[in-house]
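Reading through the structure tokens given below for one structure.
The values are calculated or read from the model by the stated rules, or taken from the named source; none is laboratory data. The model shown is predicted, which means the values in this text are computed figures rather than measured ones. Cβ coordinates were reconstructed from backbone atoms using ideal geometry, including for glycine residues, and neighbour counts include every protein chain displayed. In case anyone asks, the SASA skips ligands and DNA or RNA and just uses the protein heavy atoms, side chains included. Shrake-Rupley method; radii C 1.70, N 1.55, O 1.52, S 1.80 Å.
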2 protein chains.
Amino acid sequence: MNKKRLALLEARARILKAMAHPTRLFIMETLSQREACVCKLSEMIGADISTVSKHLTVLKNAGIVLDEKRGSQVFYNLRCPCILDFFDCVETVIKTATEAQIKLARALPASCGGFKKSRL
Amino acid sequence: MNKKRLALLEARARILKAMAHPTRLFIMETLSQREACVCKLSEMIGADISTVSKHLTVLKNAGIVLDEKRGSQVFYNLRCPCILDFFDCVETVIKTATEAQIKLARALPASCGGFKKSRL
DNA sequence: AAAACATTTGGCGAACTGCCCAAAAAACCA
DNA sequence: TGGTTTTTTGGGCAGTTCGCCAAATGTTTT
């Protein structure tokens, strides 16, 4: 693995890592509709404003969102909405992986916490 | 944010988190070409076999790769190669984000470690 | 200038990650 | 059976993440 290739993989990993949190995905989806300020987002999310601000910083540092100060508020928006297209494929993975898990769970004896057929 | 939506976001985040490591991205790219066993992969990566095995476990648990035991070896392959298409967009983010960083760096005074124009 | 509002930053604890090493499992060969 | 190969698992250490709270910063209003 040469240096250049590694640098590219590291750059990709940084983006993915920045996205890899439910709250941050929620923010991205929300911002893909329209820009929003921190307080609006934290109201929707139901977490502390400081927590949401830090999530936004993570997204900003990764170059995923842009911020624009207007008055006392800071409005964020998604730099590249195409980033969400990707989830069509992710959903496929989730679906097939889930089905595999269920199959696995069915195969387990009840004593190991396996699901009963009737519960699925 | 309702329960169902949260569950979906968590599922997406799990996938992204599993992908968010340079070594695991390398594995995914490699497996998109052809299946490979653990020892072959760790030879390519240059890390301890146990480390690579754990990375593969992460990818497997996320449903991203499938494993198949043949003799004493375990061959892994990518469940859903479309998962790599996504990087066209990620690359755009990396590119524009990098450009923004450079612009930022240029704007910094040299005393803060800002780049000189001639160096870019 | 003081009060009110919006946001960011710092700090702390709990939980998680990633790496290496050593040991255990599993399959094969002689 | 004993030895070799391949892979997984467990332990320990250093570093990171995430959430809340408190405090600081910046902006607008009175």
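For this structure, a couple of remarks:
- Among residues of the stretch A:26-40, those that are closer than 15 Å to residue B:2 by Cα and either aromatic (Phe, Trp, Tyr) or within 11 Å of DNA strand C (Cβ to nearest atom) (or both), counted: 1
- In the stretch B:4-58, the residues that are of a type in the set (Lys, Arg) and away from every other protein chain (no Cβ under 12 Å): B:4, B:34, B:40, B:54
- Criterion violated by residue A:93 - all others in (1) under 14 Å from the mean Cα position of the chain (by Cα); (2) open to solvent by less than 10 Å² (accessible area, probe 1.4 Å) satisfied: (1)
- Any hit, the stretch B:63-73, residues being open to solvent by less than 70 Å² (accessible area, probe 1.4 Å), within 12 Å of DNA strand D (Cβ to nearest atom) and part of a helix (DSSP H, G or I): no
- Among residues of the stretch B:41-67, those that are farther than 21 Å from residue B:15 by Cβ and more than 11 Å from DNA strand C (Cβ to nearest atom), counted: 2
- Tally of residues being near DNA strand D (Cβ under 8 Å from one of its atoms) and either under 23 Å from residue A:99 (Cα atoms) or over 17 Å from the mean Cα position of the chain (by Cα) (or both) across the stretch B:32-47: 4
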